[in-house]
Amino acid sequence: MRLGVVLASAGLGMAVAATAQPDHAKVLRYAFEIAETSFDPHRVPDVYSVIVNNAIFDTPLRYDPLARPPKLIANTLSALPEVSADLKTLTLHVRPGIYFADDAVFRGRKRELVAEDYVYSLKRVLDPRLSASMIGQLEGAVAGLSDYLAKARKAGKLDYEAPLASIRALDRYTLQIKLDKPKYNFIYDLADCRVSCAVAREVVEAYGDNIGAHPVGTGPYMLSDWKPSSKMVFVANPNFREDYYTAQPAADDAAGQAILVQLKGRRLPMVGRVEVSVIDEMQPRYLAFLNQEHDLLWRLPEEFANQSLPGNRLAPHLGLRGIAAESLPALDVTLAYFNLDDPVIGGYAPERVALRRAISLAYKTQDEISVIRKNQAIRAEAPYSPGVAGYDANFRSGAGEYDLAKAKALLDMFGYVDRDGDGFRETPDGKPLVIQFHSTPIARDQQIDELWARSMRDIGLRFQVRKGRWPDLLKEAYAGKLMMWQLSYTASAPDALTALTFLYGPNAGLKGNIANFRLAEFDRLYEQAELLPDSPERTRLYQSMARLVVAYAPWKVNAHRVNTDLWYPYLIGFRRPQINSQNWWKTVDIDLERRKQYFATH
């Protein structure tokens, strides 16, 4: 739904020549709620780092800024990839005349992006020294990787000079990728910065382990200043290619059509400077926006939903200030994951499965939705979200079931009983049982902690919370050191399989499956689904996998959030991308005259 949308008219200083360069007086200011982890595009696992890396680096493909549902378009390519008749060979033609941002490594020369840069970058994802977060997207998909990776893992590093016939440059601007089997979703990886953003080999080799703090890409922005976990400043890349606003909103999308009328043909980027603060607490982030310190409130904190959107309508006091809002169901799912390698809660023995199932049954998902998230979410039935291919609103899995009696009965049946009368259950062999939960210090997570603690008390389980910083917990999660943590998954492509990837057994651990879930039946269904196009048959496979997730409980899926963004009327063309990791900075503008007038009167 679109709420109280205010759009600047075309007559308010917007008639700018299509070839205009970005104006450094135009500054976009907003805040993240979670800190970045790195500016190394192939190393990062989190959505916020991917957003900023997408501004610095370039994937071959990107998503149309206005199309809903999401639609892939060419980015650094001259057209969409050519796909062979057997669906196993993709040929990509890189557009000539794209250059990296200036850097001392290039010794004063303009460095052109060529096909070999994508070959190097894709190989880099395979390098065991990197522990790339999305290596699972290439391994098992690209042909001929078994021996190539085996040698790299034995050596502890990748031999970049070793030929790889399945990822190669045919000429200066032509790249070819060969798959070992048809994989309909592989094309989405060409729009995922963690897989296919282009880096320059000489930059990586020059800065070594410090590359994550020294990004050099071909994207519209460059990192200018950085205070880790506090503030990032980006400026327009003067070497950025000629790129002009184009989009294809649906014919009945009035808001999208209005944006297109305003911005079509404008040279990108339009804003010369972007300042991103990191404010993890909800109230300071909300107040910074209301105090006009920021131009955009990226994701309205749920605790302010009732006062900002009473009855899902923009509050009058915000409407009088000309503030615009849009609510969009997120392509995400909130979940608690269990580490199946954990000696207390993990494993596939019936008693361990029963423990995780009991924990899941005792958690009152509706309280998370109504009390904590202020009804800015809907209950999840699957580990993938509405809006992706394969989602069925009528599907029911029992994922949101709340039943204390059933939870207690499961624990009793499998020997988790209170033997010493202290009110807490022990393990079947009589040892102390403690559920170790992990969380960040922010206020919303404190509410989540309390809901989980109350839920565990209701079934007699001792529950402890350990606090930590988001980047630190994420590293521990990938290393398999956490027992349980609640977080959210955000879709990196508009297909359910991209979520199920994080439960696929071969991806356990550093490849993204931090639950370390390994189930042969799940993996068999996953591999069948990979070979199918979007179809009722594939959707049924997804649903079978969703039921296995409920049955074995590597994840307790909870809710799909509704994202609401607020912005001031001088921010032109903003529309939250459905693929949340896509960067949108280059497709918005700041109307300086309107901003000046606004600040003078408010």
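Taken together, the values in this text are just the output of simple stated rules run on the coordinates, not laboratory data. All values reported here derive from a predicted model rather than from experimental measurement. A quick note on method: Cβ atoms are made from the backbone with ideal geometry, for glycine too, and the neighbour counts reach across all protein chains shown.
With +1 on the Cβ of every Lys and Arg and -1 on the Cβ of every Asp and Glu, and nothing else charged, how large is the dipole of the chain about its Cα centre, in debye rounded to the nearest 20?
Roughly 400 debye for the chain.
Could you tell me the ratio Rg/Rh of region 41-212? Both radii from Cα atoms, Rh via Kirkwood.
When Rh is taken as the Kirkwood radius, the ratio is 0.94.
Treating cross-link reach as a plain straight distance, find the aspartates and glutamates whose alpha-carbon is under 18 Å from the alpha-carbon of LYS431, omitting any fewer than eight places away in the same chain.
ASP342, GLU351, ASP412, ASP418, ASP420, ASP422
Excluding residues on the same chain fewer than 8 positions from LYS586, give the aspartates and glutamates whose Cα lies under 13 Å from its Cα.
Leaving aside aspartates and glutamates fewer than 8 places away in the same chain, those within reach of LYS586 are ASP23, ASP58, ASP64, GLU242, ASP243.
Grab the Cα-Cα distance for ALA405 and TYR160, subtract it from 0.36 nm times how many residues apart they are, and report the gain in nm with one decimal.
My answer for the length gained is 82.4 nm.
Hey, for a label at SER535 modelled as a point 7 Å past Cα toward Cβ, could you say which residues of region 171-185 have their backbone N under 16 Å away?
Only 182-185 fall inside the zone, counting backbone N under 16 Å.
Pull out the extension gain between LEU287 and ASP412, defined as 0.36 nm times the separation in residues minus the alpha carbon to alpha carbon distance; nm, one decimal.
Stretched fully, the LEU287-ASP412 segment lengthens by 40.1 nm.
Could you work out how far apart the two model spin labels at ASP252 and LYS467 are, taking each label as a point 7 Å from the Cα in the direction of the beta carbon, and quote it in nm?
The modelled label-to-label distance comes out at 4.9 nm.
Determine the percent antiparallel among the DSSP beta bridges restricted to the chain, to the nearest 5.
If I count the DSSP bridges inside the chain, around 75 percent turn out antiparallel.
Where does the charge balance sit around ARG194 when Lys and Arg score +1, Asp and Glu -1, over other residues with C-beta under 15 Å from its C-beta?
Surrounding charge for ARG194 is -3.
Most exposed first by the Cβ proxy, i.e. fewest other Cβ within 10 Å, how do PHE463, PHE100, PHE599 rank?
Ordered by Cβ neighbours within 10 Å, fewest first: PHE599, PHE463, PHE100.
When DSSP assigns beta bridges and you keep just the ones with both residues in region 332-561, what percent turn out antiparallel, to the nearest 5?
That works out to approximately 60 percent antiparallel.
Size of the dipole of region 84-197 about the Cα centre, Lys and Arg at +1 and Asp and Glu at -1 on the beta carbon, nothing else charged, in debye to 20?
160
Just to verify a number: FRET efficiency for HIS317 and GLN366, C-beta to C-beta distance, R0 = 30 Å, to 0.05?
0.50
Which residues among region 360-377 fall inside the zone where the amide N is under 14 Å from a point 7 Å beyond the Cα of SER488, along Cα→Cβ?
In region 360-377, the label zone of SER488 (backbone N under 14 Å from the point 7 Å along Cα→Cβ) covers 368-370, 372-377.
Which of GLY219, GLY347, LEU592 sits farthest toward the positive end of the charge dipole of the chain, with +1 on the Cβ of Lys and Arg and -1 on the Cβ of Asp and Glu?
It is LEU592.
Helix-only estimate, please: 222 nm mean residue ellipticity of the chain, summing -39500 (n - 2.57) across DSSP H runs of length 4 or more and dividing by its residues, to the nearest 500.
Dividing the helical sum by the residues of the chain leaves -8000 deg cm²/dmol.
Residues with amide H under 5 Å of PHE32's amide H, sequence separation 5 or more or different chain, H placed in the peptide plane at 1.01 Å from N; which?
Amide H neighbours of PHE32: SER277, VAL278, ILE279.
Quickly rank 74-81, 135-142 as a protection proxy: mean count of other C-beta atoms within 10 Å, highest first.
135-142, 74-81
Efficiency by 1/(1 + (r/R0)^6): what FRET value for TYR598 and SER229, r their Cβ-Cβ distance, R0 = 25 Å, to the nearest 0.05?
FRET efficiency, TYR598 to SER229: 0.20.
Identify which of the listed values of Cα extents along the principal axes in Å was calculated from the structure shown: (1) 98, 64, 52; (2) 77, 63, 45; (3) 96, 71, 53.
Matching the structure shown: (2).
Using the structure shown, list the pairs from LYS231/LYS364; LYS110/LYS227; LYS481/LYS556; LYS157/LYS475; LYS110/LYS475 with a Cα-Cα distance above 25 Å, or answer none.
LYS231/LYS364; LYS110/LYS227; LYS110/LYS475
For region 332-561, taking Cα atoms only, what is the radius of gyration to one decimal and the Dmax to the nearest whole Å?
Considering region 332-561 through its Cα atoms, Rg and Dmax are 17.0, 56 Å.
Kindly rank 212-219, 189-196 from highest to lowest mean number of other beta carbons found within 10 Å of each residue.
Highest mean packing first, the order is 189-196, 212-219.
Arranged by the count of other C-beta atoms within 10 angstrom, fewest first, what order do HIS602, HIS438 take?
Going from least to most buried by this count: HIS602, HIS438.
If I stretch the segment between ARG168 and ALA150 completely, what's the gain in nm (0.36 nm per residue apart, minus their alpha carbon distance), one decimal?
Full-extension gain reported as 4.5 nm.
Summing Lys, Arg as +1 and Asp, Glu as -1, what charge do residues with Cβ under 13 Å from the Cβ of LEU170 carry, LEU170 excluded?
Charge balance near LEU170 sits at 0.
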